[in-house]
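K.L.:
First the structure, then my questions, so here it is.
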Amino acid sequence: MFDYSFTVAYISAKETSILTKEALSRITADRQDELRLLAQTGYGGGVDGKSAGELADNELSALRKFTTEALPEDLYSLLILPYDAHNLKVLLKCRVNGADPKPYLYDNTMFDTEIAAACCRGGEFSLLSDKIAAALDPAFDCGQLGLPFGISTECDKAFYAEISERAETAPKPVAEYISAEIDGKNFMSYLRAKNIGLDPADVKALLLPGGSVPLKVLTSAYESGADELRAYTFGFDAHYAFCDAADAAKRSFSDAADTLDKYAQSKLEPYKYEPEHPAPVFLYFKKKTAEARHIREVFAGTGGVL
């Protein structure tokens, strides 16, 4: 049995240092020295970076490394595979436009980037997984993986189908967290699509498999207008989180994302101090990735506005 006792104790000590939005606002009040002040908190390894984005990348790289050491592979893959999806999208897009992918690739991921690059060159993805290959091989053959929009949507759907399947054998709170996380991503896509007036057919292509709310419910609600969403999702687990996020989106994109983050975290919170459970690692990972998002938003000065 995997021993989480040391890891949970470590997380309990580190969790208090996660930067809140309020703390970040105080740091960015000094626009002349904000990067140095951020580095002084220890964020990004405490090393001065060229940008807040670079510090965030350093912090997330360390987080992924910690996660691969803190969890068995069948569990850490649930958190790391989205970064592999990013790498595959970068490799495919750079294959199309001829750019160098190295500056845009994440480290400490599941799949070696050289192997992923070979898959992208040959259009054969079985070295990643049979399920990913079943989705991406035909998409490559028909040209979908030669189009920027097609690359993003096909890779995301393929990888989240893999994540959802792997989550089926995870402990129940973790499986529920993964489902809630996918619900959140789908509803954020819903909100973005609504904001720019995306065609319903294109919205369907953006939605990921594995959430608790069936995709047909979201596409039907989208076709009927945002005001009808509450009626369409009533009775589903994510209903109240979606309602709150829709209200929060009227203030900012960031507030909506925070609302959905809390929904996902609620699946893990009852287990946050369990020394023999992986939930504290998942909860810490979620809070740290939210912290990185807040840093990018605050330092970019966008406030997460849609």
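The values are calculated or read from the model by the stated rules, or taken from the named source; none is laboratory data. Since the model is a prediction, treat every value here as computed from it, not as a measurement. FYI the Cβ positions are ideal-geometry reconstructions off the backbone, even for glycines, and counts take in every protein chain you see.
K.L.:
Could you tell me whether residue 87 is surrounded by fewer than 17 Cβ atoms within 10 Å (Cβ to Cβ), under 21 Å from residue 124 (Cα atoms) and either touching a Pro at 6+ places or on another chain (Cβ under 6 Å) or assigned by TED's automatic domain parsing to the domain that holds residue 140 (or both)?
P.N.:
Spelling it out, it is not the case that residue 87 is surrounded by fewer than 17 Cβ atoms within 10 Å (Cβ to Cβ), under 21 Å from residue 124 (Cα atoms) and either touching a Pro at 6+ places or on another chain (Cβ under 6 Å) or assigned by TED's automatic domain parsing to the domain that holds residue 140 (or both).
K.L.:
Looking at 159, 111, which one is under 26 Å from residue 56 (Cβ atoms), among the aromatic types (Phe, Trp, Tyr), within 18 Å of the chain's Cα centre (by Cα) and outside any helix (DSSP H, G or I)?
P.N.:
Answer to the check: 111.
K.L.:
Out of the residues in region 118-156 that are among the hydroxyl-bearing types (Ser, Thr, Tyr) and assigned to a helix (DSSP H, G or I), which is surrounded by the most Cβ atoms within 10 Å (Cβ to Cβ)?
P.N.:
Filtering region 118-156 for residues that are among the hydroxyl-bearing types (Ser, Thr, Tyr) and assigned to a helix (DSSP H, G or I), the one surrounded by the most Cβ atoms within 10 Å (Cβ to Cβ) comes out as 153.
K.L.:
Right, next: State whether the residues of region 191-205 include one that is in contact (Cβ under 8 Å) with a residue 12 or more places away in the chain and within 14 Å of the chain's Cα centre (by Cα).
P.N.:
Within region 191-205, not a single residue is in contact (Cβ under 8 Å) with a residue 12 or more places away in the chain and within 14 Å of the chain's Cα centre (by Cα).
K.L.:
Are there any helices (runs of 4 or more DSSP H) wholly within region 1-102 with 1 or more residues that are within 22 Å of the chain's Cα centre (by Cα) and more than 16 Å from residue 293 (Cα to Cα), and if so which?
P.N.:
Output list reads 5-14, 52-70, 73-97.
K.L.:
Within region 168-182, can you find the residues that are without any contact (Cβ under 8 Å) to a residue 12 or more places away in the chain and either β-branched (Val, Ile, Thr) or over 18 Å from residue 280 (Cα atoms) (or both)?
P.N.:
Our first condition is that a residue be without any contact (Cβ under 8 Å) to a residue 12 or more places away in the chain; within region 168-182, this holds for 168, 172, 175.
Once the filter is applied, which keeps residues that are without any contact (Cβ under 8 Å) to a residue 12 or more places away in the chain and either β-branched (Val, Ile, Thr) or over 18 Å from residue 280 (Cα atoms) (or both), region 168-182 yields only 168.
K.L.:
Only residues that are aliphatic (A, V, I, L, M) and without any contact (Cβ under 8 Å) to a residue 40 or more places away in the chain: list them for region 208-252, please.
P.N.:
Matches in region 208-252: 213, 215, 217, 218, 221, 226, 229, 231, 248.
K.L.:
So, in region 121-151, exactly how many residues are under 28 Å from residue 58 (Cβ atoms) and in contact with a Pro (Cβ under 9 Å, 6 or more places away or on another chain)?
P.N.:
Total meeting the criteria: 0.
K.L.:
So residue 10 ticks every box in (1) modelled with pLDDT of 90 or more; (2) over 24 Å from residue 273 (Cβ atoms); (3) not basic (Lys, Arg) but one. Which box is left unticked?
P.N.:
Only one criterion is unmet by residue 10, namely (2).
One line per residue, one yes/no per condition, for (1) in a helix (DSSP H, G or I); (2) assigned by TED's automatic domain parsing to the domain that holds residue 256; (3) within 30 Å of residue 269 (Cα to Cα):
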site	(1), (2), (3)
177	yes, yes, yes
183	yes, yes, yes
186	yes, yes, yes
191	yes, yes, yes
204	yes, yes, no
211	no, yes, yes
216	yes, yes, yes
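K.L.:
Also, I was wondering about something else. Can you tell me which residues in region 218-236 are part of a helix (DSSP H, G or I), more than 20 Å from the chain's Cα centre (by Cα), of a type in the set (A, V, I, L, M, F, W, C) and closer than 28 Å to residue 166 by Cα? Show your work before the answer.
P.N.:
Of all residues in region 218-236, those part of a helix (DSSP H, G or I) come to 218-224, 226-233.
Still in the running and more than 20 Å from the chain's Cα centre (by Cα): 219-224, 226-233.
The next check asks that each one be of a type in the set (A, V, I, L, M, F, W, C); those that pass are 221, 226, 229, 231.
None - no residue of region 218-236 is part of a helix (DSSP H, G or I), more than 20 Å from the chain's Cα centre (by Cα), of a type in the set (A, V, I, L, M, F, W, C) and closer than 28 Å to residue 166 by Cα, so the list stays empty.
K.L.:
So which residues in region 272-282 are more than 14 Å from residue 171 (Cα to Cα) and touching an Asp or Glu at 6+ places or on another chain (Cβ under 8 Å), if there are any at all?
P.N.:
Matches in region 272-282: none.
Condition check ((1) in contact with a Leu (Cβ under 7 Å, 6 or more places away or on another chain); (2) surrounded by 14 or more Cβ atoms within 10 Å (Cβ to Cβ)) across all residues:
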| site | (1), (2) |
| --- | --- |
| 199 | no, no |
| 253 | yes, yes |
| 259 | no, yes |
| 285 | yes, yes |
| 296 | no, yes |
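K.L.:
I would also like to ask the following. Within the set of pairs 6+ apart or on separate chains, which have a first residue in region 142-167 that is not assigned by TED's automatic domain parsing to the domain that holds residue 212, a second that is buried (at least 17 other Cβ atoms within 10 Å of the Cβ) and of a type in the set (Asp, Glu), and C-beta atoms under 8 Å apart?
P.N.:
Within 8 Å, the pairs are 144/154; 145/154; 159/84.
K.L.:
Would you check if there is a residue in region 237-252 being assigned to a helix (DSSP H, G or I), over 19 Å from the mean Cα position of the chain (by Cα) and of a type in the set (Lys, Arg)?
P.N.:
Checked against the condition, which is being assigned to a helix (DSSP H, G or I), over 19 Å from the mean Cα position of the chain (by Cα) and of a type in the set (Lys, Arg), region 237-252 yields no hits at all.
K.L.:
Kindly list the number of the only condition in (1) of a type in the set (Lys, Arg); (2) in a helix (DSSP H, G or I); (3) more than 24 Å from residue 175 (Cβ to Cβ) that fails for residue 262.
P.N.:
Checking residue 262 against (1) of a type in the set (Lys, Arg); (2) in a helix (DSSP H, G or I); (3) more than 24 Å from residue 175 (Cβ to Cβ), the one that fails is (3).
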